[in-house]
Amino acid sequence: ATPGCNNAGCCVQVCDFEPFCCDVEWDEFCVASAVDICGLYVYDCPGGGPANDCPTNATVVEGGDSLAFNTTNANTTAPDGCEGYDPTLYFDVWYQFNAPGNGVLVTSTCDTADFDTKLRGYNIGDGAFQPNSLPDLLIACNDDGSGCTGFTSILTFNVEAGVSYLVALGGYLAESGSGTVSFTFTPEAAGCG
């Protein structure tokens with residue numbers, strides 16, 4: 001209810017557009033303007049899709065898991081991100097991996113999906129996260145895996161013991177479909193004492 005907001009750069013842009021927001025009150029109109037003008041991400045997952053349609057309902061997986069998936073009726077909930085032609089991850093489903101040790105997690109739809117897949121990894125720390133913070137938690141992306149047919153994907157990133165990670169699986173350019181996704185955890189080699 002006070003003038004201004006807590007993001008100085010965005011505040012300036014919004015208040016240049018509507019001085020009321022910084023002179024009188026930061027109201028719902030100002031918030032909506034900030035979302036549009038500054039390109040802010042606001043989490044929204046209305047449900048109605050697969051059980052793991054939202055990052056807050058991610059399917060918990062372990063290294064060695066291989067699961068069937070279908071994104072046909074999923075919502076598009078992931079924030080835009082990653083370099084490339086199309087920053088949107090369409091019709092996404094979500095998985096959570098709780099790292100049992102330091103090592104590498106490989107998530108793959110390589111040659112096992114019937115559409116052009118994209119994968120993203122997020123570090124969510126102890127597992128308790130605010131969905132609106134997802135853009136800041138992004139750590140890895142893959143659109144087309146090397147050597148994979150049909151523009152399917154392989155996502156590889158390092159993980160730390162006791163840390164939780166989200167993997168979002170979706171489509172490129174509004175594609176959706178089905179397939180199998182696998183998760184492989186390779187622990188860090190033990191050092192020589």
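The values are calculated or read from the model by the stated rules, or taken from the named source; none is laboratory data. Bear in mind that the values here come from a model prediction, so they are computed numbers and not experimental data. Note that each Cβ is placed from the backbone with ideal geometry, even for glycine, and that neighbours are counted across all protein chains shown. Heavy atoms of the whole protein, side chains included, go into the accessibility calculation; ligands, DNA and RNA do not. Shrake-Rupley method; radii C 1.70, N 1.55, O 1.52, S 1.80 Å.
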Cα-centre dipole for segment 1-127 with unit charges at Cβ (Lys and Arg positive, Asp and Glu negative), debye to 20 = 380 debye
Helix 28-38 versus the longest principal axis of the chain: what is the Cα-based angle in degrees, 0 to 90, to the nearest 10?
-> 60 degrees
Got a number for carbon plus sulfur as a percent of the chain's accessible area, 1.4 Å probe?
-> 50 percent
Nonlocal amide H pairs with W26, under 5 Å, H built at 1.01 Å = T2, G4
Where the centre of each part is set by its Cα atoms, how far does segment 149-169 sit from segment 75-138, in angstrom?
-> 7 Å
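When ligands, DNA and RNA are left out and all protein chains stay put, how many square angstrom of accessible area per residue does segment 15-81 have with a 1.4 Å probe?
56 Å²
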Mean accessible surface per residue for segment 96-193, computed with a 1.4 Å probe while every protein chain stays in place, in Å² = 45 Å²
So what's the angle, to the nearest 10 degrees on a 0 to 90 scale, between helix 8-17 and the longest Cα principal axis of the chain?
-> 50 degrees
Under Karplus coefficients 6.51, -1.76 and 1.60, residue-wise ³J(HN,Hα) of segment 54-61 in Hz, glycine/proline x = 10, x, 7, 10, 4, 6, 6, 10
